[in-house]
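Structure record follows, encoded as structure tokens.
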Amino acid sequence: MKVKLVKNILEANDRIAEENRKIFDEHGIFVINMMSAPGAGKTTLLEKTIRALKDTARIGVIEGDIATTRDAERIEATGIPVVQINTNGACHLDGNMIREAMDDLPLSAIDLLIIENVGNLVCPAEFKVGEDAKVMLLSVAEGDDKPLKYPLMFSEASLLLINKIDLIPHTNFNMAKVKKECMGINSMLDIIEVSAMTGQGMDKWHNWLQQKFAL
Ligand code: MG
Ligand code: ZN
């Protein structure tokens, strides 16, 4: 019974995500679902990306967190539309939460919507929200053993951003090993090394985004 229940929940979520997709498509919005562990640097990366691209694209953000509006406040300071979802304990965003948050965004005035998922390497990858692409962040500080330990997220993502590369000299992070193991899980995965803090590699990420989204 339990197995069937979980399957039903995921199927129901997929249907809602499909409906979200239709609404996004009607408005011509390209949607990124951004996922990572807590502290990988999603919000810092987003702040830098918004500031770099907001004159060429109309960007909107949905922030997912278990509690607080801290991340939304940081995004709001960049001057673009943002909605904060508090999941009150739930460890991922789902289609319903996005459906509700959409009502608070000026959809006709957005071309690129970035959804920052709850920091968690497990279930965000299981729940579609209506995105065009999943982008995953892995920070050097988390260690190089994550792809094989949390393979689903790496297999679901279109792009892996390896963040905080400025910290590599202070760690035993093996970049070649990580890339090889990622390719073993998902041979279609694009990988870009960045440091949101120093700006290194950020132009490559922005180019990836602009190509996908064809600004
Ligand atoms: Mg954040
Ligand atoms: Zn969850």
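None of the figures in this text is laboratory data; all of them are computed from the coordinates on show. Since the model is a prediction, treat every value here as computed from it, not as a measurement. We place every Cβ from the backbone using ideal geometry, glycine too, and count neighbours over all the protein chains shown.
List of remarks:
- Orientation-averaged projected area, Cα convex hull of region 1-126 (nm²): 7.6 nm²
- Over the C-alpha atoms of region 119-193, the Rg to Rh ratio, Rh being the Kirkwood estimate, stands at 0.95.
- Over region 61-150, the fraction of Cα-Cα pairs per 10 Å bin, rounded to whole percents and listed from the shortest bin up, is 15, 46, 31, 7, 0.
- Proximal aspartates and glutamates to Lys204, defined as alpha-carbon separation beneath 15 angstrom and excluding residues fewer than eight positions away on the same chain: Asp190, Glu193
- Protection-proxy order for peptides 79-91, 56-68, each taking the mean of Cβ atoms within 10 Å per residue, highest first: 56-68, 79-91
- Spatially close lysines, pair count over region 1-157: Cα under 19 Å, gap of eight or more or interchain: 11
- Coordinate range of the alpha-carbon atoms in region 1-59 per principal axis, descending: 50, 34, 7 Å.
- Among Ser139, Ser158, Ser36: highest mean-square fluctuation, GNM of the chain, C-alpha pairs under 10 Å: Ser158
- Convex hull projection area averaged over all views, region 65-215, Cα basis, nm²: 9.6 nm²
- Per-residue Karplus couplings for region 27-39, computed as 6.51 cos²θ - 1.76 cosθ + 1.60 with θ equal to phi - 60°, are listed in order as 9, x, 9, 8, 10, 10, 9, 9, 10, 5, 6, x, x Hz, Gly and Pro entered as x.
- Each other residue within a Cβ distance under 10 Å of Phe30 adds +1 if Lys or Arg and -1 if Asp or Glu, for a net charge of -3.
- The fewest-to-most ranking of Met102, Met197 by surrounding Cβ atoms within 10 Å reads Met197, Met102.
- Across region 44-49, computed HN-Hα scalar couplings (Karplus, 6.51 cos²θ - 1.76 cosθ + 1.60, θ = phi - 60°) run 4, 4, 4, 4, 5, 5 Hz from first to last residue, x flagging Gly and Pro.
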